Amino acid sequence: MDMGIKGRNAIVTGASRGIGLAIAQGLAAEGVNVALVARNSAVLDKECAAIASTYGVQAAAIPADLKSLDAVQSSAVKATEKLGPIDILVNSAGAIPASSLSSLEDETFHDAWSLKLSGYIRMTREIISGMRERGWGRIVNIVGLGGKNPSAGHLYGGVANAALMNFTGALALDVAKDGILVNAINPGMIESERIIEMGQKWADDAGISVEDLLAKQTAGLPMRRMGSLQEVSDVAVFLSSERCTYVHGTIIPVAGGMGTTI
Ligand SMILES: NC(=O)c1ccc[n+]([C@@H]2O[C@H](COP(=O)([O-])OP(=O)(O)OC[C@H]3O[C@@H](n4cnc5c(N)ncnc54)[C@H](OP(=O)(O)O)[C@@H]3O)[C@@H](O)[C@H]2O)c1
């Protein structure tokens, strides 16, 4: 299927690894030029070189710590300078520690929200006016199923994710007449480094190995397995594409049936 986005330009945040990198690769496979934003400059350079040579698109490494407004603004400017006007934004940079109410310092959870909650909103504010002027845009927010299913052990992540779902809906209503489609993906348990790192914290708390913890968690999933990065990327690429024309303001779980409701 031709996704109709060859030659478009995208920013993907959190693109040095995990879901963000998989989406950047998926977009590049459709002929989209991509700006990869994250902190690890060496990894970004390596991944951009691989993307450019594999898919024959432009791939721009933009190292930045997206916790600050300045960094978000300068990343958006650099991406535009390197690629041209931005048509597609995928917000995926998030690293909220798994923790209950009292186990995070005030500064730590504010930093985590600055990256994920403020970061997604700020980056959107930077690119939305250009999309409006050109009458075409796609925004995909990678949120998290925990925003719908409160969990004492991932309280700060759940709160930010609930807010980002509301943001996605509100923004969708704001831009509905402008040719811009806005959607969110709620990953369930997806096989990324982050899941191992979060699992380590819960495993330490439970006094078991991370392997045992993940095996136990996986056995409890409806499909008895975690999702792959590719499975999230495929949905994100569709939502970023010209084939997606009337899916708007939705929160799509990519969670293998986890948290299913009607
Ligand atoms: N994996 C899952 O099962 C799952 C489930 C629900 C929701 N999610 C959400 O999906 C998104 C992606 O998760 P993931 O599993 O792909 O995580 P990941 O593998 O840990 O990747 C996170 C990305 O964010 C970047 N990042 C972290 N801190 C940053 C900062 N201060 N400034 C800029 N970039 C930063 C990281 O790169 P650098 O370290 O180089 O900066 C990395 O590229 C997150 O928002 C997460 O909450 C994931």
- Considering (1) more than 9 Å from the ligand (Cβ to nearest atom); (2) under 23 Å from S233 (Cβ atoms); (3) open to solvent by 10 Å² or more (accessible area, probe 1.4 Å), say which one R39 fails and leave the rest. (1)
- Going through region 78-96 in order, the residues found to be open to solvent by less than 20 Å² (accessible area, probe 1.4 Å), more than 8 Å from the ligand (Cβ to nearest atom) and either β-branched (V, I, T) or touching a Cys at 6+ places or on another chain (Cβ under 7 Å) (or both) are I86, I88, V90
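Would you say S233 is under 30 Å from F109 (Cβ atoms) and either aromatic (F, W, Y) or under 15 Å from the mean Cα position of the chain (by Cα) (or both)?
Values: under 30 Å from F109 (Cβ atoms): yes; either aromatic (F, W, Y) or under 15 Å from the mean Cα position of the chain (by Cα) (or both): yes.
So S233 passes the test.
Could we say that G227 is within 21 Å of I251 (Cβ to Cβ) and open to solvent by less than 60 Å² (accessible area, probe 1.4 Å) here? Break it down into steps so the answer makes sense when it comes.
Values: within 21 Å of I251 (Cβ to Cβ): yes; open to solvent by less than 60 Å² (accessible area, probe 1.4 Å): yes.
Yes; evaluated as a whole, the condition is true for this residue.
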- Message: For the list (1) of a type in the set (S, T, N, Q); (2) open to solvent by less than 10 Å² (accessible area, probe 1.4 Å); (3) over 19 Å from I11 (Cα atoms), I need the number of the one condition that N149 fails.
- Response: (2)
- Task: Name the helices (runs of 4 or more DSSP H) wholly inside region 149-262 in which the number of residues that are away from the ligand (no atom under 12 Å from the Cβ) and in contact (Cβ under 8 Å) with a residue 60 or more places away in the chain is 2 or more.
- Result: 155-175, 193-206, 229-239
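Does D106 fit the bill of being surrounded by fewer than 23 Cβ atoms within 10 Å (Cβ to Cβ), within 13 Å of the ligand (Cβ to nearest atom), more than 21 Å from Q230 (Cβ to Cβ) and not hydroxyl-bearing (S, T, Y)? Steps first, please.
Numbers: surrounded by fewer than 23 Cβ atoms within 10 Å (Cβ to Cβ): yes; within 13 Å of the ligand (Cβ to nearest atom): no; more than 21 Å from Q230 (Cβ to Cβ): yes; not hydroxyl-bearing (S, T, Y): yes.
Answer is no for this residue.
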- Counting just the residues of region 132-146 that are within 16 Å of the ligand (Cβ to nearest atom) and hydrophobic (A, V, I, L, M, F, W, C), which one comes out surrounded by the fewest Cβ atoms within 10 Å (Cβ to Cβ)? L145
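Just to be sure, is D178 in the same structural domain as V90 (by TED's automatic domain parsing) and surrounded by 13 or more Cβ atoms within 10 Å (Cβ to Cβ)?
Working: in the same structural domain as V90 (by TED's automatic domain parsing): yes; surrounded by 13 or more Cβ atoms within 10 Å (Cβ to Cβ): yes.
Yes, satisfied.
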- Which residue pairs have Cβ atoms under 7 Å apart, sit 6 or more places apart or on different chains, and have a first residue in region 55-77 that is more than 22 Å from M131 (Cα to Cα) and open to solvent by 20 Å² or more (accessible area, probe 1.4 Å) and a second that is assigned to a loop (DSSP other than H, G, I, E, B) and at pLDDT 95 or above? P63/R39; D65/R39
- Would it be correct to say that I128 is outside any loop (DSSP other than H, G, I, E, B) and closer than 21 Å to D70 by Cβ? yes
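The values are calculated or read from the model by the stated rules, or taken from the named source; none is laboratory data. Fair warning: this is a prediction, and the values are worked out from it, not measured in the lab. FYI the Cβ positions are ideal-geometry reconstructions off the backbone, even for glycines, and counts take in every protein chain you see. Note: areas computed on protein heavy atoms with side chains; ligands, DNA, RNA excluded. Shrake-Rupley method; radii C 1.70, N 1.55, O 1.52, S 1.80 Å.
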